[in-house]
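This report refers to the structure that appears directly beneath it.
The values are calculated or read from the model by the stated rules, or taken from the named source; none is laboratory data. Here the structure is a predicted model, which means the values were calculated and not measured. Cβ placement follows ideal geometry from the backbone for every residue including glycine, while neighbour counts extend to all protein chains displayed. Ligands, DNA and RNA are excluded from the accessible area calculation, which covers all protein heavy atoms including side chains. Shrake-Rupley method; radii C 1.70, N 1.55, O 1.52, S 1.80 Å.
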Amino acid sequence: MEACNCIEPQWPADELLMKYQYISDFFIALAYFSIPLELIYFVKKSAVFPYRWVLVQFGAFIVLCGATHLINLWTFSMHSRTVAIVMTTAKVLTAVVSCATALMLVHIIPDLLSVKTRELFLKNKAAELDREMGLIRTQEETGRHVRMLTHEIRSTLDRHTILKTTLVELGRTLALEECALWMPTRTGLELQLSYTLRQQNPVGYTVPIHLPVINQVFSSNRALKISPNSPVARMRPLAGKHMPGEVVAVRVPLLHLSNFQINDWPELSTKRYALMVLMLPSDSARQWHVHELELVEVVADQVAVALSHAAILEESMRARDLLMEQNIALDLARREAETAIRARNDFLAVMNHEMRTPMHAIIALSSLLQETELTPEQRLMVETILKSSHLLATLINDVLDLSRLEDGSLQLEIATFNLHSVFREVHNLIKPVASVKKLSVSLNLAADLPVQAIGDEKRLMQIVLNVVGNAVKFSKEGSISITAFVAKSESLRDFRAPEFFPVQSDNHFYLRVQVKDSGSGINPQDIPKLFTKFAQTQSIATRNSGGSGLGLAICKRFVNLMEGHIWIESEGPGKGCTAIFIVKLGFAERSNESKLPFVTKVQANHVQTNFPGLKVLVMDDNGVSRSVTKGLLGHLGCDVTTVSSIDEFLHVISQEHKVVFMDVCMPGIDGYELAVRIHEKFTKRHERPVLVALTGNIDKMTKENCMRVGMDGVILKPVSVDKMRSVLSELLEHRVLFEAM
């Protein structure tokens with residue numbers, strides 16, 4: 001490009017053309033000069049354009065080009081050398097700047113192209129970010145719907161509400177045409193259409209559970225697309241040429257109610273599922289998206305959890321209702337049992353009192369008759385009456401003891417007693433009976449056996465008497481040996497009673513008693529029956545030995561109360577047997593327990609035989625009992641006064657009466673209040689007569705009430721001459737005598 005069009009002298013100038021060139025060069029120069037001004041303004045205002053120096057080069061290039069065209073205005077006519085030099089300089093500068101700018105563009109163009117590439121990359125990234133943000137917003141919306149749906153189905157524990165709410169919420173969230181739930185039948189061989197969204201299909205329609213499409217869905221924990229023509233997807237009738245929408249199905253794990261076990265949590269079954277089927281609208285190009293499938297899977301899991309909670313609630317409510325029914329039945333049975341126990345105890349108490357009163361008359365009169373002149377035949381009859389009466393009294397005591405043992409009202413009377421005396425007394429009582437059958441009875445007390453012990457003397461004696469009495473009863477000939485010693489640790493345990501765990505201590509010892517007889521023996525298989533109440537083995541019954549079958553049953557319960565154990569050993573019929581029991585007693589000299597107000601029995605040689613002139617007052621509302629007691633006391637030489645009412649009693653009693661026998665359980669009469677009034681009347685002890693309750697009630701409360709009001713003794717009916725003689729001796733010597741109950 002030429003910077004200047006020099007006019008050759010030989011070419012004449014066309015004035016019109018020259019005029020046009022002159023005007024054009026002027027406007028070209030004007031345009032060239034305006035462009036740098038615009039570039040300067042752009043560079044000044046732009047703070048981010050990275051190629052300012054390039055714009056400076058372009059500005060210089062354009063200015064020089066404009067200057068060249070401006071100079072051309074002077075070259076249209078003859079010009080001087082100065083103009084030629086200026087023109088040449090301008091063109092040289094223009095050439096230099098033009099070449100530099102061209103060379104610079106070679107390096108700048110790739111950078112400019114890279115700027116365009118980054119812009120495209122940023123645009124693509126921005127578009128991708130927009131898509132991701134849209135997906136995040138969609139997922140957030142989906143999550144919100146899932147939370148709302150979860151809240152809805154978790155707000156109730158009714159399975160029908162849970163399932164119906166699930167279908168409605170899914171249909172609204174995903175804009176479904178239809179949604180259905182297929183539940184397994186009881187047999188587990190079919191799926192039954194149980195719930196639908198639009199309710200256009202009849203609920204109750206069934207399909208086999210072993211269809212391939214069902215097996216495919218049940219074998220996966222994901223939501224799977226299935227054919228719209230599959231049996232479980234035919235939920236809406238197709239009308240005309242409508243194309244069905246896409247269908248997906250997902251399994252819903254169910255909880256087996258049969259998995260509930262006692263003291264165990266239910267387990268989630270791996271083979272029992274429901275089927276949820278979801279259909280998009282027909283004739284639409286819409287397809288299932290990944291986030292929608294994920295939502296369906298999450299909802300299916302939430303429904304499974306909600307259904308499991310509902311199943312647990314239903315089962316717990318059924319268990320609660322059953323438990324309530326059982327509790328009501330148990331409470332009713334308990335109240336009926338308590339009523340029956342109270343009725344039984346009341347009946348036994350009344351019968352005990354009512355039976356002891358005539359028994360008192362029979363035994364007292366028979367014992368009085370026995371001390372008169374009788375023929376041998378008459379004496380035998382009287383002795384038989386006494387023996388039968390004592391057996392009947394023993395039976396009454398056994399029945400009452402058993403009743404109190406079973407209802408837990410019987411408690412041991414713990415006191416210090418003479419252990420050796422217990423065995424000697426039993427020996428003295430049994431020896432006459434055994435001599436009639438020509439049986440020898442031997443007593444062996446170990447040298448280390450303590451003389452004094454702490455325990456229930458009466459119950460221990462009752463156990464020993466029962467066991468030794470059985471040995472005498474079931475032995476026709478031979479001998480009976482009674483052995484008592486302190487059990488060592490190696491002889492305490494019995495392999496037949498693993499529940500018996502004796503514990504040794506410094507304040508207690510275990511008494512072991514063995515009673516061996518040479519009787520007819522017992523079959524080993526019959527031994528466990530001996531400790532059952534009202535039970536007798538066939539071998540025992542055939543011996544016609546009599547008995548109620550209560551003795552050993554009561555002994556076992558008494559032994560258990562004493563933290564012991566009892567058993568019987570026998571090698572078989574004809575080889576005799578050995579009864580063994582172990583009871584826990586306390587060492588008297590090692591215990592700090594205070595003795596209860598019970599007096600040790602007086603030896604027979606200390607008993608006074610007659611009490612001439614002893615003034616005794618007897619109060620009893622029963623005329624027969626009153627007369628019998630008066631006869632007993634009169635036979636012993638006492639001066640007896642009898643009364644039947646409180647007024648008469650208070651009128652008669654005086655300081656001359658040394659002993660008062662009164663029945664504290666008379667109808668309409670408060671014997672305890674009467675005792676209090678006697679204490680108020682006779683404030684000094686030496687002036688007050690000895691107050692003794694003569695009663696047929698053997699309950700512990702009677703004795704406690706007597707002690708509370710200050711009475712001096714309690715004697716149980718029936719009373720024989722010998723018993724009355726011993727009672728009076730005790731009262732006169734010690735002024736106190738409470739018979740153990």
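Observations on the structure shown:
- Measuring r between the beta carbons of Glu294 and Asp331 and using R0 = 60 Å, the FRET efficiency lands at 0.65.
- Judged by the mean number of other Cβ atoms found within 10 Å, the most tightly packed of the peptides 708-714, 419-425 leads the ranking 708-714, 419-425.
- The mean sequence distance of close C-alpha pairs (under 8 Å, at least 6 residues apart), as a share of the length of segment 286-415, puts its relative contact order at 21 percent.
- Per-residue extension of 0.36 nm, minus the Cα-Cα distance of Asp301 and Lys164, leaves a gain of 47.8 nm for this segment.
- Fully extending the segment from Asn124 to Arg172, taken as 0.36 nm per residue of separation minus the present Cα-Cα distance, adds 13.8 nm.
- FRET efficiency for Ile341 and Arg685, using Cβ-Cβ distance with R0 set to 56 Å, rounded to 0.05: 0.85
- Taking θ as phi - 60° and the Karplus parameters 6.51, -1.76 and 1.60, the scalar couplings of segment 280-287 work out to 6, x, 6, 6, 10, 7, 5, 10 Hz in sequence order, x denoting glycine and proline.
- What the Cα convex hull of segment 325-409 gives, in volume per residue, is 82 Å³.
- Percent carbon-and-sulfur accessible area, segment 317-409, ignoring ligands, DNA and RNA, probe 1.4 Å: 67
- Taking a sphere under 14 Å around the Cβ of Ile480 and counting the other residues whose Cβ falls inside, with K and R at +1 and D and E at -1, yields a net charge of +4.
- Global geometry of segment 354-451, whether rounded, prolate or oblate, following the gyration tensor of its Cα atoms and the 1.5 cut on a/c: oblate
- The distance between label points at Leu392 and Arg677 comes to 3.5 nm (points 7 Å beyond Cα on the Cα→Cβ vector).
- Pairwise label distance in nanometres, Val736 with Thr375, each label 7 Å out on the Cα-Cβ vector: 5.2
- The mean sequence separation of alpha-carbon pairs under 8 Å and at least six residues apart, normalised by the residue count of segment 681-738, gives a relative contact order of 35 percent.
- For segment 266-341, the square roots of the Cα gyration tensor eigenvalues, ordered a ≥ b ≥ c, give a/c of at least 1.5 with a/b greater than b/c, which places it in the prolate category.
- Here the gap between His210 and Arg272, fully extended at 0.36 nm per residue and compared with their Cα-Cα distance, gives a gain of 21.1 nm.
- Net charge dipole size for segment 301-367 [Lys, Arg +1 and Asp, Glu -1 on Cβ; Debye, nearest 20]: 500
- With R₀ set to 51 Å, the beta-carbon distance separating Met324 from Val624 gives a calculated FRET efficiency near 0.35.
- Summing +1 for each Lys or Arg and -1 for each Asp or Glu among the other residues whose beta-carbon sits under 12 angstrom from that of Met276 gives -2.
- Pairs beyond 26 Å (Cα-Cα), from Lys681/Lys703; Lys431/Lys529; Lys438/Lys516: Lys431/Lys529
- Burial order of peptide ranges 678-690, 322-334, 462-474, 160-172 (average beta-carbon count within 10 Å, highest first): 462-474, 160-172, 678-690, 322-334
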